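Okay, so here's the structure we're looking at.
The values are calculated or read from the model by the stated rules, or taken from the named source; none is laboratory data. The shown structure was predicted, so the numbers you read here are calculated from the model rather than taken from an experiment. Positions of Cβ are generated from backbone atoms using ideal geometry, with glycine treated the same way; all protein chains shown enter the neighbour counts. Side chains are part of the model used for accessible areas, which takes the heavy atoms of the whole protein and leaves out ligands, DNA and RNA. Shrake-Rupley method; radii C 1.70, N 1.55, O 1.52, S 1.80 Å.
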Amino acid sequence: MISLSEKNEAMETSSSSTSEDLNIKQASGGTRGFFGNISSLLGSQASNDPCQIRAEDALLLLQSYEESRLGWFWSTDAAGNLTYITEFVAQTLGGTAEELIGKPMVSLFLKPENNESGARTLPFILTKKVKFSDLEVQAANSEEECWLAISGRPYHDKSGNFLGFRGSGSEVTAKRKASLDTSRMAKFDSLTGLANRATMTKKLETTLSTYQAQKRTCAVMLVDLDRFKQVNDTLGHPIGDALLKQVAERLSKVVGQTGEVGRLGGDEFQIILLDCEDRGVLGELATKIISSISQPYLVSGNRCIIGASVGIAISPFDGLSGEEIVKSADLALYEAKGNGRGRFRFYSKDLQQSAEERRELAEDLDSAIVKGEMELAYQPIVDAKTNIVEAFEAEMRWNHSERGQIDPALFIPIAEETNLIWDLGQWALNQACEDAVKWPGTTRVAVNVAPSQFADERFPKIVDNALKRSGLLAERLELEITDGVFMSEANEMDAMFQALKSRDVRLVLDGFGSGHSSLSHLQDAPFDKIKIDQNFVRGATEEGSTNGAIISAIVALGEALGMEIAAEGIEALDEHELIKNLHVGHIQGRVFGDCVSNAELSENLSDGQWSIEPTGPKRHRNERLSMFRKVRMIHDNHVYSIVIRNLSVTGAMVEGLYNVPVGTKFVIDFGDGQLAVATVCRSHRNQQGIQFETRLVSDGNGGLCTARRISPYLLAEAGLDVPNLPPGHVPTRKVDGDSTSLPAFSTVADWEATKVKPK
């Protein structure tokens, strides 16, 4: 501690300055200057004013204040070197007061990081010789993070010469941390630590505003958790909160430095990806996200399994403002969830209409059974060695009174979403048993069971009633169960398995390897058969594929556990041959025909047995989507209206033009900025087979799309009609009709030149 005599000397030196010059605000927040008051008192020793005290008493007050550690004092010379500092603060700054005297004041504190241009810093202030107050600085040599707030003002001699600074200070570490915590809470989600809705909204708006001027792209993903509500309802909100933390960690790990992840609230997350428009890349990322989130979790000893659906929109193609792009991504997410969950979906302009159609279908589905619009079709399940049908899988068909046949891939997810799956499932079980009992022979019937049915304690009674009403033997009924049932509580799941098995029905694990099923499930659950998911069959015959090895391992596993093995989705003869050679016991797929009606089935089983010879393409080829879709085809500077009859990732079959020479190049305009350069490889009258220069990619919903799109800004410059572009862009000229001239493009090469180059 500096001696009292040294303080007297310091105060005597300061008495040459006026009270106004030395009036410095105390660190404790008082409104009157501590030094100024003492200076005033020292100059009035002869006064009889009872409020005046002796200089020694005033200095003792100063010393007492320092010892309280509520604040501290400092002073420098004209060069900025310390001439005085309170002892306890000197120790905080890495030395004693004696060791620090003479050192530059600025050397005691760290240089501010990311300082805004023009901000007042300590070196700047000392150089300018101006008064300052409550400047926060960080101690340079403190063992722990320490922040101090310092105030000071310059002092001069009677001639006005600058002599240095005098000031006070206080520690504000706790206050600063509290302030930062408050600021962080306003910007970040308190549960997961991710950016919150307000922060993500602000960042997106700022980014899109800047990118619009620069004509750059920005993608937004909305991620919604599937079956999370079930975890909250069954295990409680604390487990749900802990699960959300793990989800946030997985999302951050998958996305990494490629984008920013935020939590919008509940079980919905948002990802912003700058300068990203390649839908092949975005689709791969969405697939990784879905796969990562769908892996099992262990939370406080509880095993939890959830899923995820992803909606994707890209600016400027799908919207220009933050509100527009989020709305587009939300529509895509709704579509992904409505078509089976556990998938991703890109935004397209027809989603609004699709959402409305799905709502109407949900209303109609409620009365479909009563109206007699539902029926069952049956797909053969064939013995791989003998080609004899041993079972049929029942598949629901909806013959809508106005719309005709509705694809099960469309109405089954609607039924699950609207809780109609229980009624549909019960109807299907009863109908399948009634049909099967009339079939000649002992052929079995397989009926799909939804996870919600399996989790309902009433389900065994439903099975009992179906068997009793129909008279079907229990061993002729197979219940196909997906691995979604493993989300149930272990005790409840085991009880359901035992209840069903005690009725002598056969249990089949459908789609093994595609989701949450594991070896422990096969060991614990009493399955009679495992169905290998068709994704392992797809591409298994292609060079370099490891799918064959995986199938072989599953076969060996089934043999060890005493379970039959079946493979579904076999469509080509080379796939059929591979599956047979891998010793898979049963085969299902188009190689043995599509689903048949009950009447056709009964006719073929009239002798009690049905043998089917495999037929189909010799080799697996990329799946072709049958369709009737009108698009535009551009050649030279003309546009033609054509129809796509089928589509694959590498090509398509189109019709609408006659006698087109093989080798002719076209640009196919799929709409929404989707342009694909293609070459005619086959031509017959008004039909052409075309091959794309760049492969199409999955749109996440069973369809195909171009990986990249042409910017609406470029389309506008080319004279094509582009709605919703902001004012100030190139005026557009609407192109319509056949053989329409496109003055902006004279050759296909010009169109190719507009393609966005990969970064």
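Observations
- In Hz, Karplus ³J(HN,Hα) per residue of region 292-305 (6.51, -1.76, 1.60; θ = phi - 60°; x = Gly, Pro): 5, 5, 7, 5, x, 10, 10, 10, 6, x, 9, 8, 10, 10
- Cross-link partners for residue 215 among the lysines, with Cα-Cα distance under 25 Å and sequence neighbours closer than 8 places in the same chain left out: 202, 203, 327, 349, 734, 755, 757, 759.
- Ligands, DNA and RNA are left out, and with a 1.4 angstrom probe the accessible area of region 425-467 is 39 Å² per residue.
- Across the accessible surface of region 168-244, with the other protein chains kept in place and a 1.4 Å probe, carbon and sulfur atoms take up 54 percent.
- Computed with a 1.4 Å probe on the full set of protein chains, the accessible area for residue 458 sits at about 130 Å².
- Ligands, DNA and RNA left out, the accessible area of region 588-702 computed with a 1.4 Å probe is 44% carbon and sulfur.
- Largest-first ordering by accessible area, 1.4 Å probe, given options 367, 190, 309: 190, 367, 309
- Order by protection proxy (mean Cβ within 10 Å, highest first), peptides 101-107, 429-435: 429-435, 101-107
- When the Cα atoms of region 383-447 are aligned to their principal axes, the ranges along those axes come out at 41, 22, 21 Å in descending order.
- Once Rg and the Kirkwood radius are both taken over the C-alpha atoms of region 623-709, their ratio Rg/Rh works out to 0.93.
- Spin-label proximity, residue 549 to region 570-589 - amide N less than 18 Å from point 7 Å beyond Cα toward beta carbon: 579, 582-583
- Label reach from residue 495 (point 7 Å along Cα→C-beta): in region 440-477, amide nitrogens under 19 Å belong to 451-464.
- Exposure of residue 559 as accessible area (Å², to 10), given a probe of 1.4 Å and all protein chains: 130 Å²
- Here's the list of aspartates and glutamates a cross-link from residue 131 could span, going by alpha-carbon distance under 19 Å and ignoring same-chain residues fewer than 8 apart: 20, 21, 77, 157.
- Heavy atoms of residue 398 accessible to a 1.4 Å probe, total area in Å² rounded to 10: 0 Å²
- Long-range Cα-Cα pairs in region 142-266 (distance over 18 Å), rounded percent: 71 percent
- Those lysines that a straight Cα-Cα span of less than 19 Å connects to residue 580, excepting residues fewer than 8 apart in one chain: 385, 529, 531, 618
- Sulfur and carbon atoms: percent of accessible area, region 300-439 [1.4 Å]: 44 percent
- The relative contact order of region 326-371, computed from alpha carbon pairs under 8 Å that lie at least 6 residues apart in sequence, is 32 percent.
- Modelled FRET efficiency - R0 60 Å, residue 99 with residue 205, Cβ distances, 0.05 increments: 0.70
- With a 1.4 Å probe rolled over the protein heavy atoms of all chains, the accessible area of 657, 274 falls in the order 274, 657, largest first.
- Accessible solvent surface per residue of region 133-257, calculated while the other protein chains remain in place, 1.4 angstrom probe, Å²: 53 Å²
- With a 1.4 Å probe rolled over the protein heavy atoms of all chains, the accessible area of 420, 61, 243, 573 falls in the order 61, 573, 420, 243, largest first.
- Modelled label positions at residue 143 and residue 401, each set 7 Å beyond Cα in the direction of Cβ, lie 8.4 nm from each other.
- Heavy-atom accessible area per residue - region 634-697, 1.4 Å, Å²: 43 Å²
- Two-site label geometry, residue 561 and residue 427: point separation in nm, points 7 Å out along Cα→Cβ: 3.4 nm
- Net lengthening on full extension, residue 359/residue 618 (0.36 nm per residue, minus Cα-Cα): 89.1 nm
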